[in-house]
Amino acid sequence: MKLASLKHGRDGKLVVVSTDLAWYADAGHIAPTLQAALDDWDRLSLDLRNLQTDLDHEVIPRMRFHEHDAASPLPRAYQWADGSAYVNHVALVRQARNAEMPESFWHDPLMYQGGSDGFLGPRDPIPLADESWGCDLEGEVVVVTGDVPMGATREQALEAIVLVGLTNDVSLRNLIPGELAKGFGFFHSKPASAFSPVFVTLDSLGDWWRDGKLHRKLMVDLNGEPFGRAEAAEDMTFDFGTLVAHAAKTRKLGAGTIIGSGTVSNRDADGGPGKPIADGGVGYSCLAELRTVETIRTGEAKTPFLRKGDTVRIWAEDDRHHPIFGVIEQTVE
């Protein structure tokens, strides 16, 4: 089942989207918003699935689904926490800041709490007031949970995951060192993120979802050119069960909590840093990682961060090369 929110007020209007992402049916008679559906998921999810079936069989009124009309599936959320499941990425980025990486990072996930009072739509522009802030894209996988009890085990956490999607977790890289030096975490350096046009239930993903990981490539284009083709399940040190359980260690998580994977990152086949696609590698899911590799290899970063007019495109494909979650496509303004 694929769920989306059309732009409408603060929390959008819930719709069910056809498997091919071409059509939608209004789900307002079941739940007005996705958050309302998640609040009563056990009771309402079957009705939503039946609506999806009727939509795919063309037995109910349907309307064209245009991703430009979509808000993020949760236009705002009670909680948005982003992990760093790909420790390879963490190690490289910290190396660029000349920051030592503790050994604990390999068995204790990093996680920060992001702003969740308003997300960008999947086709909304990225607002940037100052290019000197170092605006970066970050292609990630995300999950949405139902209620999760405090102290949940990994297995309980996996059972609580109800939806999967993608995000462009925008970062302002040049503001990060100063904020972290204060010893109190991210704030200015983490502006609003954007999410994929649709979130998808686990059963719709089939074998692409197993062991708490999405087994698909994360596709990233920058200004129309291939930038990243990393395998989302490879080099993922912490699966989503581990990440959700980590978030619930000292607090319960409310239905509608979004948990991110952190930037998807693959090592090269030789075990070293990843290579650009042009050099036979799988590329990158953020500019910071490429800039770090450039620094390692040439002594300086050559690729600039995002500038006004740059366009980012993030998606994942099925076996027929059709987008599974729709496409995040944003231009910097």
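One table, with the values for the structure above:
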{"read-out": "FRET efficiency for residue 269 and residue 10, using Cβ-Cβ distance with R0 set to 56 Å, rounded to 0.05", "value": "0.75"}
{"read-out": "Residue order for 150, 63 - accessible surface, 1.4 angstrom probe, largest first", "value": "150, 63"}
{"read-out": "Approximate shape of the range 118-194 as ellipsoid semi-axes (Cα gyration tensor, √5λ), whole Å, largest first", "value": "29, 18, 9"}
{"read-out": "Fraction of the pair-distance distribution of the chain above 30 Å, Cα-Cα pairs, percent", "value": "31"}
{"read-out": "Pairs of Cα atoms farther than 18 Å apart, the range 176-333, %", "value": "67"}
{"read-out": "Pairwise centroid distance, computed over Cα atoms, of the range 279-333 with the range 177-219, Å", "value": "15"}
{"read-out": "The range 83-178, accessible surface, carbon-and-sulfur percent (1.4 angstrom probe)", "value": "50"}
{"read-out": "For q = 0.19, 0.29 Å⁻¹, Debye-computed log10 I/I(0) when each Cα of the range 251-319 counts as one equal scatterer", "value": "-0.91, -1.41"}
{"read-out": "Stokes-Einstein D for the range 1-128, Kirkwood Rh over Cα pairs, 4 °C, 1.567 mPa s (µm²/s)", "value": "76"}
{"read-out": "Highest average packing first - 18-28, 185-195, Cβ atoms within 10 Å", "value": "185-195, 18-28"}
{"read-out": "Prolate/oblate/rounded label for the range 101-159 (Cα gyration tensor, a/c 1.5)", "value": "oblate"}
{"read-out": "Zero-based 10 Å bins, Cα pair distances in the range 220-266, whole percents", "value": "22, 39, 26, 12, 1"}
{"read-out": "Extension reserve of the residue 211-residue 104 stretch, reckoned as 0.36 nm per residue once the Cα distance is removed", "value": "36.3 nm"}
{"read-out": "Nearest-0.05 FRET efficiency for residue 156 and residue 223, computed from C-beta distance (R0 45 Å)", "value": "0.55"}
{"read-out": "Per principal axis, descending, Cα span of the range 93-225 in whole Å", "value": "44, 38, 30"}
{"read-out": "Gain on full stretching of the segment that runs from residue 49 to residue 251 - 0.36 nm per residue minus C-alpha separation", "value": "69.6 nm"}
{"read-out": "Mean residue ellipticity (222 nm) of the chain, computed from DSSP H runs ≥ 4 via -39,500 (n - 2.57), nearest 500", "value": "-5500 deg cm²/dmol"}
{"read-out": "Å² of accessible area per residue within the range 218-333, as computed with a 1.4 Å probe and no ligands counted", "value": "41"}
{"read-out": "Difference of contour (0.36 nm per residue) and Cα-Cα distance, residue 331 to residue 300", "value": "8.5 nm"}
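The values are calculated or read from the model by the stated rules, or taken from the named source; none is laboratory data. Remember, it's a predicted structure, so these values are computed and weren't measured experimentally. Here the Cβ is made from the backbone with ideal geometry for all residues, glycine too, and neighbour counts use every protein chain on show. Ligands, DNA and RNA are stripped out before the accessible areas are found, and what is left, the full protein with its side chains, is counted by its heavy atoms. Shrake-Rupley method; radii C 1.70, N 1.55, O 1.52, S 1.80 Å.
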